[in-house]
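Here's the structure, in structure tokens; my notes come after.
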Amino acid sequence: MTIKELARELDVSVSTVSKAMRNSPEISKDTIEKVQAFAKLYNYKPNNIALSLKNKKTKNIAVIIPEIVHHFFTLIVSGIEHKSNELGYNVIVCLSNESFAKEVINMETMANGSIDGFLLSLSKETLLKKDFQHLREVINQGMPLVMFDRVSEEIYCDKVVIDDARASYNAIQHLIYTGCRRIALITTADYVSVGKLRTSGYINALTDEGIEVDPNLIVKVDDIGELEQKVKELFDTQSFDAVFGVNEIYAVVAMREAHNRGYKIPMEMSFIGFSDGILSKYAYPSLTTVVQHGYEIGEKAAQLLIERLENEEEDENFKTEVIKTSLLVRESTKPV
């Protein structure tokens, strides 16, 4: 039972329910007793998401990102801040550190009257647990939410993503066109939405080119701490002529291992990463990479959220904006 459903059942406004649950003197004693009795019957408990935010404009928005290791998220936050400041809003950034509990705590803490809405990229643990109740509570309480990069199709809200599967497909196709046939993939576990989509693109590209998919060449990394060991095991047990990493750290770690084993890059082994960060640019050789245009993602996400905040009428037609990627060819792949 949400606050909206409770109000509908009692034929009162959401604001009346909220005030009655707080024993507000603005509400009659009879109404308070009626609302609280009904809430008890249906086991409704108000959470820390502040309903009053709908009518209070703080001009602050909260951004919750999973981590700051990847330059990609830094670019997104920069884009969010630029667009938000341009439109008269301030930005508060929180980290979930890939933790479901920290993500929930961040949302509850920030929704105490200090912000107007949320921009969110889901943590790995949230995606693994598939527990999105904290997001539903935010939406049901009338607070705007926009998700970016890591999203859930179960939650109805505005989203900003890239075409992960197509971007991966194009990267693998580029490797194939340069003569590579045994292409290893270093990816995340399937419960991470972007990793699953990029793996799908990899498989489809090989299949369309008539190359058999070898599951032994697909390495799935749950935690960054196990990355180096899994890369070493890949080199110890398999033969391949290219590596595609679903982020730049995966690709750079694999390229370093190739260096240590004496491979000539790109003539004997090619590499492509994902998200064009500092590591990609200054790796040796410089890393060919899928450019996600994180700054543009951030700007678009902020724009969607602020449009929701500025629009007086509720609009339940949600948008999913797809930002196009591009492939930046550098020294780690052979010329076509």
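Against the conditions (1) under 17 Å from the mean Cα position of the chain (by Cα); (2) at pLDDT 95 or above; (3) acidic (Asp, Glu), where does residue 248 fall short? Just the number, please.
(2)
Can you tell me how many residues in the range 8-37 are farther than 22 Å from residue 139 by Cβ and not basic (Lys, Arg)?
So the answer is 13.
Regarding the range 97-105, can at least one residue be identified that is over 22 Å from residue 294 (Cα atoms), without any contact (Cβ under 8 Å) to a residue 60 or more places away in the chain, touching a Cys at 6+ places or on another chain (Cβ under 8 Å) and buried (at least 19 other Cβ atoms within 10 Å of the Cβ)?
Looking for residues that are over 22 Å from residue 294 (Cα atoms), without any contact (Cβ under 8 Å) to a residue 60 or more places away in the chain, touching a Cys at 6+ places or on another chain (Cβ under 8 Å) and buried (at least 19 other Cβ atoms within 10 Å of the Cβ), one finds none in the range 97-105, hence no.
Check residue 207 against each of (1) touching an Asp or Glu at 6+ places or on another chain (Cβ under 9 Å); (2) of a type in the set (Val, Ile, Thr); (3) exposed (fewer than 14 other Cβ atoms within 10 Å of the Cβ) and name the one condition it does not meet.
Going through the list (1) touching an Asp or Glu at 6+ places or on another chain (Cβ under 9 Å); (2) of a type in the set (Val, Ile, Thr); (3) exposed (fewer than 14 other Cβ atoms within 10 Å of the Cβ), residue 207 breaks only (1).
So for the range 320-330 (the condition being more than 30 Å from residue 146 (Cβ to Cβ), at pLDDT 95 or above and more than 20 Å from the chain's Cα centre (by Cα)), does at least one residue qualify?
yes
Looking at (1) surrounded by 17 or more Cβ atoms within 10 Å (Cβ to Cβ); (2) over 30 Å from residue 213 (Cβ atoms), can you tell me which one residue 156 breaks?
Of the numbered conditions (1) surrounded by 17 or more Cβ atoms within 10 Å (Cβ to Cβ); (2) over 30 Å from residue 213 (Cβ atoms), the odd one out for residue 156 is (1).
Among the residues of the range 290-305, is any touching a helix residue (DSSP H, G or I) at 6+ places or on another chain (Cβ under 9 Å), closer than 20 Å to residue 175 by Cβ, in contact (Cβ under 8 Å) with a residue 40 or more places away in the chain and crowded, with 20+ Cβ neighbours inside 10 Å?
Yes, that holds for at least one residue.
Quick one: is residue 273 outside any helix (DSSP H, G or I), of a type outside the set (Phe, Trp, Tyr), at positive phi and modelled with pLDDT of 95 or more?
Here the answer is no, as residue 273 does not meet what is asked.
For a quick check of your reading: which strands (runs of 3 or more DSSP E) sit entirely within the range 31-133 and have at least 3 residues that are modelled with pLDDT of 90 or more, among the β-branched types (Val, Ile, Thr) and within 21 Å of residue 301 (Cβ to Cβ)?
Output list reads 60-65, 90-95.
Just to be sure, is residue 279 on the phi < 0 side of the Ramachandran plot, assigned to a helix (DSSP H, G or I), modelled with pLDDT under 95 and not acidic (Asp, Glu)?
yes
Residues that are modelled with pLDDT under 95 and within 26 Å of the chain's Cα centre (by Cα), at least 1 per element: which helices (runs of 4 or more DSSP H) completely within the range 137-242 meet that?
Per the criteria, 193-208.
In the range 175-198, what count of residues is obtained for those that are surrounded by fewer than 22 Cβ atoms within 10 Å (Cβ to Cβ) and closer than 19 Å to residue 270 by Cβ?
Selection size over the range 175-198: 6.
Is the range 19-28 home to any residue that is at pLDDT 85 or above, among the β-branched types (Val, Ile, Thr) and in contact with a strand residue (DSSP E or B) (Cβ under 9 Å, 6 or more places away or on another chain)?
no
The values are calculated or read from the model by the stated rules, or taken from the named source; none is laboratory data. Just so it is clear, the model here is predicted, and its values are computed rather than measured. Please note: Cβ atoms are built from the backbone with ideal geometry, for glycine as well, and neighbour counts cover all protein chains shown.
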